[in-house]
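Here is the structure we will look at.
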Amino acid sequence: MTDSTYPADILSSPTPVLSVSPVVLPSPDRAVDLQVRVSAPVTGNDLPVILLSHGQGYSNNLSSLNGYAPLADFWAAHGFVVIQPTHLSSTTLSLAPDTPGAPLHWRSRAEDMRRILDRFDEIEAAVPQLLGRLDRGRVAVVGHSMGGHTASLLLGARLTDPDDGTQVNLAEPRIKAGVLLAAPGRGGDALTESVAENLAFLLTTDFSAMTTPTLVVAGDKDTSAHLTVRGADWHADPYVLSPGPKSLLTLFDAEHGLGGISGYDVAETTDENPERVAAVQRLTWAYLRSELYPGDPAWQAARDALTAGPDPLGQVESK
């Protein structure tokens, strides 16, 4: 992976990207086989890996391996291998409403990521251009919205299974860092009545054991009134209620789409802003770069650049 600094410049020139999908991982214990998209730079070795968990949303295809191209393309062009599963909650699968785990398949989502980690050999074999090029010791997880909930479980957040009352611990030690994009906050009285009734797994979210280094990204206009009564501050809970080391990137005037990260020019983006998307691209890349390569200056340089101009797009705090 080529070293980069920011600015002047934070990033090396983008590398052409190879993207292969669907890579099918036979999964007889799952409702359907697991399908993933693999995106990688065409050159380079010892490439770190990002597991990217999609959200839900209204579109038919963004909540699948076909979503989040603005992020996956950028990260892959700058040195990461990005692996995107289609979770069982995806509209593209058209699963029956009574499929176990429906509607959001919260546990299966996290298990999908662990399945990917267990089967890197198969993924490399299915994408011969990738063979032997992964750095399996440098793995991060990123998730948007419901994908942020998935990522938070892998990073150490806990919950109580509403079906059997057991505490759920899906922390994954092979994941060294994470990014939560517009992720759900705490449960309890922070939730709307509808969510508390229909998505009971969100009631008991507990961030106190989420110890893996994580960047939380939240929009200060992301009120998510269908989910929470607390307003935009709710999305900062994974930062506020977890132990360090953590960082919080608050994007000014950003709503749930964070400018349009879930796809290029998608209609459901309520805060379309290419400059904001570019900031999310650069800052998430820089954060993961510095967490996975201790001593790398990218994250500090990106933070400095964010606030250098007269009208910053956001602010960062850390603990």
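Quickly run through the stretch 128-174 and pick out the residues that are part of a loop (DSSP other than H, G, I, E, B), basic (K, R) and either closer than 17 Å to H235 by Cβ or touching an Asp or Glu at 6+ places or on another chain (Cβ under 9 Å) (or both). Reasoning before the result, please.
The initial filter retains those residues of the stretch 128-174 that are part of a loop (DSSP other than H, G, I, E, B), namely 131-133, 145, 156-157, 161-166, 170-174.
Add one more test, that the residue is basic (K, R), and what stays is 133, 174.
Once the filter is applied, which keeps residues that are part of a loop (DSSP other than H, G, I, E, B), basic (K, R) and either closer than 17 Å to H235 by Cβ or touching an Asp or Glu at 6+ places or on another chain (Cβ under 9 Å) (or both), the stretch 128-174 yields only R133.
If I filter the stretch 22-30 for residues that are hydrophobic (A, V, I, L, M, F, W, C), modelled with pLDDT of 95 or more and open to solvent by 20 Å² or more (accessible area, probe 1.4 Å), do I get at least one hit? Steps first, answer last, please.
Narrowing the stretch 22-30 to residues hydrophobic (A, V, I, L, M, F, W, C): 23-25.
Now restrict to residues that are modelled with pLDDT of 95 or more: 23-25.
In the following step, the residues that additionally are open to solvent by 20 Å² or more (accessible area, probe 1.4 Å) were identified as 24.
Scanning the stretch 22-30 turns up at least one residue that is hydrophobic (A, V, I, L, M, F, W, C), modelled with pLDDT of 95 or more and open to solvent by 20 Å² or more (accessible area, probe 1.4 Å).
Suppose we filter the stretch 39-50 for residues that are touching an Asp or Glu at 6+ places or on another chain (Cβ under 9 Å) and either within 16 Å of H87 (Cβ to Cβ) or open to solvent by 10 Å² or more (accessible area, probe 1.4 Å) (or both); how many remain? Please lay out each step first, then the result.
So in the stretch 39-50, the residues touching an Asp or Glu at 6+ places or on another chain (Cβ under 9 Å) come out as 39, 45-49.
Narrowing the set further to residues that are either within 16 Å of H87 (Cβ to Cβ) or open to solvent by 10 Å² or more (accessible area, probe 1.4 Å) (or both) leaves 45-46.
Summing the residues that are touching an Asp or Glu at 6+ places or on another chain (Cβ under 9 Å) and either within 16 Å of H87 (Cβ to Cβ) or open to solvent by 10 Å² or more (accessible area, probe 1.4 Å) (or both) in the stretch 39-50 gives 2.
Mind checking which helices (runs of 4 or more DSSP H) fall wholly inside the stretch 237-314 and carry at least 3 residues that are in contact (Cβ under 8 Å) with a residue 24 or more places away in the chain and basic (K, R)? Walk me through it before giving the result.
Details: elements: 237-240, 274-292, 298-306.
Answer list for the stretch 237-314: 274-292.
Could you tell me which residue of the stretch 175-194 is nearest to P85 (Cα to Cα), considering only residues that are open to solvent by 10 Å² or more (accessible area, probe 1.4 Å) and more than 16 Å from the chain's Cα centre (by Cα)? Full working, then the answer.
Step one: filter the stretch 175-194 for residues open to solvent by 10 Å² or more (accessible area, probe 1.4 Å), giving 176, 184, 186, 188-189, 191-194.
Still in the running and more than 16 Å from the chain's Cα centre (by Cα): 186, 188-189, 191-194.
Working: R186: 25, G188: 30, D189: 32, L191: 28, T192: 29, E193: 31, S194: 28 Å.
For the stretch 175-194, the residue satisfying everything is R186.
The values are calculated or read from the model by the stated rules, or taken from the named source; none is laboratory data. Just so we're clear, the structure is a prediction, and the values are computed from it rather than from any experiment. Neighbour counts run over all protein chains shown; Cβ positions are idealised from the backbone, glycine included. Remember, those area values only see protein heavy atoms, side chains included, never the ligands or the DNA or RNA. Shrake-Rupley method; radii C 1.70, N 1.55, O 1.52, S 1.80 Å.
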